[in-house]
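The values are calculated or read from the model by the stated rules, or taken from the named source; none is laboratory data. Treat the numbers as computed from the prediction; the structure is a model and nothing was measured. Counting neighbours? That spans all protein chains shown, and the Cβs are built from the backbone with ideal geometry, glycine included. Each accessible area value is taken on the protein alone, full model and side chains, heavy atoms only, with ligands, DNA and RNA left out. Shrake-Rupley method; radii C 1.70, N 1.55, O 1.52, S 1.80 Å.
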Amino acid sequence: MANLQKGFEAAQAILNYELKKGTQMMEEALDTLDFSLMKEGVHHVGLHGGRSLSHHVQDAKKQFIQKLTEALKEDGFEVVNGDNTLTFTLNQVPVFKLVKNDLCAIDSVGEAKRPLAPFEQRLKEVETMVHDDAIQAKLFDKIAEKPSYILSSDYEKEESKLMSKKKLPLQNKVFITLLVSLHPKSKQTVKDDAVRYGRHAEALQETLQNLREKEPLVRLQEENFDFVKEEAPKLLKKYNFGVMQ
């Protein structure tokens, strides 16, 4: 019995040591705002403390994120408060996100190592998709109603208005005509495609409107992107985000 008691005491001593080690890492991270160290300390305490300490660990993470957010504001970052994330911007350019109440950082600038596409290019791309999807919805509607429509000159005339999609070869058109004419499921698939293209065109129209409304902001982001890509890593270096640098 004595040996068993000693074994438990030795195990408890090791556990206490590991918990103290993890707690010290977290305390140091709160002082230095070292993101990677805080993450390591949280993992260490969670590994050795289990669920019994989960509440304390969660409180420590919240405290760290709040303190880190205030420090980043002092460095010139602005914070956009989302449903589950905090987005940090510099000169209106999104730099990275933090998942609320958690130690998860999502790099935004790093995903855009190349310069942003010009506003006109992005606008044109969305306009093209809206235009083409609206035409495709109309074409699929007519094919479902009359399968041979795909072989008509009227179809060719409408198809020629597409700005980005290739024309269907004749053999494909013949195959679609036969398939839709002979198989009810194929006809329903074409109807579903018409609805899908129509809904996509409507959603993209809203995206297009939002893009137009945000033109001043988008142009400002384009203007500031190179500076932010250069400056943001310097400002973030002291916080040791790890992969973000």
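Taking the Cα atoms of the stretch 154-239, what is the range of coordinates along each of the three principal axes, in descending order and whole Å?
Dimensions of the stretch 154-239 along the principal axes of its Cα atoms: 68, 30, 24 Å.
Please find the FRET efficiency linking GLU70 to LYS238, where r is the Cβ-Cβ separation and R0 is fixed at 22 Å, and quote it to the nearest 0.05.
So the FRET efficiency works out to roughly 0.95.
Whole-Hz Karplus ³J(HN,Hα) for the stretch 148-157, in order, using 6.51 cos²θ - 1.76 cosθ + 1.60 and θ = phi - 60°, x for Gly and Pro?
6, 4, 5, 9, 8, 5, 5, 5, 4, 5
Given a 1.4 Å probe and every protein chain left where it sits, what share in percent of the accessible area of the chain is carbon and sulfur?
54 percent
Hey, what angle do you get for helix 170-182 against the long axis of the chain, alpha-carbon based, 0 to 90 degrees rounded to 10?
Relative to the chain, helix 170-182 is tipped by roughly 90 degrees.
Using only Cα atoms, find the angle between the long axis of helix 119-145 and the longest principal axis of the chain, and express it within 0 to 90 degrees, rounded to the nearest 10.
Helix 119-145 sits at roughly 50 degrees to that axis.
Count the net charge of all other residues whose Cβ sits under 14 Å from the Cβ of GLU125, scoring Lys and Arg as +1 and Asp and Glu as -1.
Net local charge, GLU125 excluded: 0.
What accessible area per residue, rounded to a whole number of Å², is obtained for the chain using a probe radius of 1.4 Å?
63 Å²
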